[in-house]
Amino acid sequence: MNDRQEYTAPYVGLTEHNYQSIDYTDSDLTYINRLTYSQRMHTTQVDMVLIAICKEGKFSFDMDGKEFTIRRNEVFIGHPNAIYDNYVMSQDLDCHLFAISKQLLFSMLYPHQAIWNKALYLNRHCLIQLNPTQTRRRDHMMALLMYNIQDEKELFRKEIIHSLVRAIIYKLCRTLSQQNELNTNQETNQRKVLFDKFITLLSTSDIKKHNLNYYAEKLFVSPRYLTMVSREVSGKTAFEWISEYVRNDVRYYLRNSNLTIKEISVKLGFCNLSFFGKYVRENFGVSPSEFRRQLKQ
């Protein structure tokens, strides 16, 4: 076992700056097939979701000052912008590591983001234990993923890799969903129940209302109380959740549908095309047509 490394100044950077051998990377996804210890591993902060899947050994670290340990046949899920440091790895560590952008993750999960959000923010599932069937499935899927990563001449290599990662994430979602059902039966905290209802209402609405009052009225609480509960349970206000889901819908329909810009504007509940164009420019920096072109590249 290696001793913990301490640093006087934090280091902020991507995974490759921590001297890991990266098997695959693009603008939204980085994958390390086997995480290894280095004495030069620094404190790290990344604006991505980290998923560590441990096959053998033990890996301890701090996330935002709280110590976590991932062991054989466990999965760790880390929040975007978390700070990681104080790494301790066993000599026999065999661990896969994914770093996935929030945009790609929610595009992959669409329209089932609620399962993921409830698990991470409602039930605080940072660690998942895999059963024997799930570990066998994990090994098959990881082998298939590496096979396609190594096939650098494949014309649709990136698309295939993203599809396989999406399948892995949906398998994790199934496990998270099962744990959510168990916790729901045991949970009596009324604030968590309210947040659960809010996320469910938000995620299952075909048109995401932009007005916080709409959701508060549906849930028979005041907007102020809903905001307070959401911040307490998830660290985000209710309006921040609404905005995130609206942005995900905009991104999804511009990329994956054949609807015109005007039709998408109507479908997503914007009052007119001009307001939709202004919203897209404010949130994505370009016009709807230009953003669609970028997404389809």
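With semi-axes defined as the square roots of five times the eigenvalues of the C-alpha gyration tensor, the equivalent ellipsoid of region 15-184 measures 21, 21, 16 Å, largest first.
Helix 132-150 axis versus longest C-alpha principal axis of the chain: approximately 90°, rounded to the nearest ten.
Each 10 Å bin from zero up to the one holding the largest Cα-Cα distance in region 189-296 carries the following percent of pairs: 14, 43, 27, 15, 1. Relative to the longest principal axis of the Cα atoms of the chain, helix 223-234 runs at roughly 10 degrees. Find out how many positive minus negative residues lie around residue 227, taking Lys and Arg as positive, Asp and Glu as negative, among other residues whose Cβ is under 11 Å from that of residue 227. Overall, the nearby charge balance is +1. Per residue, the convex hull spanned by the Cα atoms of the chain measures out at 150 cubic angstrom.
For region 220-281, the set of chymotrypsin sites (Phe, Trp or Tyr not before Pro) satisfying both a DSSP loop assignment and a count of at most 14 other C-beta atoms within 10 Å is given as 220. Taking a straight Cα-Cα cut-off under 27 Å and skipping sequence neighbours fewer than 8 places away in the same chain, the lysines within cross-link reach of residue 267 are 102, 118, 197, 208, 209, 218, 236, 278, 296. Relative to the longest principal axis of the Cα atoms of the chain, helix 238-256 runs at roughly 90 degrees.
Entry note, the chain: the mean residue ellipticity at 222 nm calculated from DSSP H runs of n ≥ 4, each adding -39500 (n - 2.57), is -15500 deg cm²/dmol after division by the residues and rounding to the nearest 500.
Computed from the coordinates by the stated procedures, all read-outs in this text should not be read as laboratory data. The structure displayed is predicted, hence computed values, not measured ones. When we count neighbours, we look across all protein chains shown, and the Cβ atoms used for this are built from the backbone with ideal geometry, even at glycine.
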